1. Every residue in the stretch 51-86 that is touching a strand residue (DSSP E or B) at 6+ places or on another chain (Cβ under 8 Å) and of a type in the set (S, T, Y), please.
2. Sort out for me the strands (runs of 3 or more DSSP E) sitting completely within the stretch 42-100 that have 3 or more residues that are at pLDDT 95 or above, in the same structural domain as N125 (by TED's automatic domain parsing) and over 18 Å from S124 (Cα atoms).
3. Which one is modelled with the lowest pLDDT, of the residues in the stretch 117-147 that are surrounded by 14 or more Cβ atoms within 10 Å (Cβ to Cβ) and over 22 Å from the mean Cα position of the chain (by Cα)?
4. Of the numbered conditions (1) in contact with a Cys (Cβ under 6 Å, 6 or more places away or on another chain); (2) closer than 17 Å to A40 by Cβ, I103 fails exactly one; give the number of that condition.
5. Taking the residues in the stretch 91-115 that are under 15 Å from the mean Cα position of the chain (by Cα) and surrounded by 18 or more Cβ atoms within 10 Å (Cβ to Cβ) as candidates, determine which candidate is nearest to F51 (Cα to Cα).
6. Looking for something at pLDDT 80 or above and either over 20 Å from the mean Cα position of the chain (by Cα) or not in a loop (DSSP other than H, G, I, E, B) (or both) - is there at least one such residue anywhere in the stretch 31-39?
7. For the stretch 49-90, what are the residues that are touching a residue at least 24 places away in the same chain (Cβ under 8 Å), closer than 16 Å to T119 by Cβ and loosely packed, with under 15 Cβ neighbours inside 10 Å?
8. Any chance you could count how many residues in the stretch 71-89 are within 15 Å of A40 (Cβ to Cβ) and touching a Phe, Trp or Tyr at 6+ places or on another chain (Cβ under 9 Å)?
Amino acid sequence: MNLSQKILTIIIIFVVWINFLSCTDKTEENKQSENYTGNAKIEFLDTIHDFGILKENEIVEYTFKYTNTGTAPLKIKNIETDCGCTIPKYDKKSVLPGEKARIKVTFDSQGFRNNIYKTITVKSNAETSKIKLILTAYIKNNKSLDY
């Protein structure tokens, strides 16, 4: 057996091994979701939050709370924001039917003035696969006078 045949044999064995692992490896989450029928449904307590009046360079947080009101596990696939000033944090684990969870959002007002409107798009496996959460505030210029 020459060198190229040995390399080819190793590659074939590797490909077969990877294929075998991908077909038989089920995560605990996949096993858990097999026990449910129906759909996940995400229901937020509120989808809009107004921070009120903020100062420039102020960092604030808000927690959006939600419940899986469906009959199957809910999985947040991704959360997108419209700028780097808004950072979401959430648990990546599935939320079982009837369970509650939260998305904590941090907003940094640096570089903003006047009225702001920021969107957070939550993508999930729920019946409504995209939901928009909204943050609003009025950013006051630190140099402006209070009346």
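1. Hits for the stretch 51-86 are Y62, T63, Y66, T67, T69, T81, T86.
2. On the way: elements: 42-44, 48-55, 59-68, 76-81, 86-90.
Because the criterion is at least 3 residues that are at pLDDT 95 or above, in the same structural domain as N125 (by TED's automatic domain parsing) and over 18 Å from S124 (Cα atoms), the strands (runs of 3 or more DSSP E) in the stretch 42-100 that meet it are 48-55, 59-68.
3. Selected residue: K140.
4. (1)
5. Result: V105.
6. Narrowing the stretch 31-39 to residues at pLDDT 80 or above: 38-39.
Among the residues that remain, those that are also either over 20 Å from the mean Cα position of the chain (by Cα) or not in a loop (DSSP other than H, G, I, E, B) (or both) are: 38.
Looking through the stretch 31-39, at least one residue is at pLDDT 80 or above and either over 20 Å from the mean Cα position of the chain (by Cα) or not in a loop (DSSP other than H, G, I, E, B) (or both).
7. Across the stretch 49-90, the qualifying residues are D50, N78, E80, D82, C83.
8. 5
The values are calculated or read from the model by the stated rules, or taken from the named source; none is laboratory data. This is a predicted model, so every value here is computed, not measured. Virtual Cβ from ideal backbone geometry, glycine too; neighbours counted across all protein chains shown.
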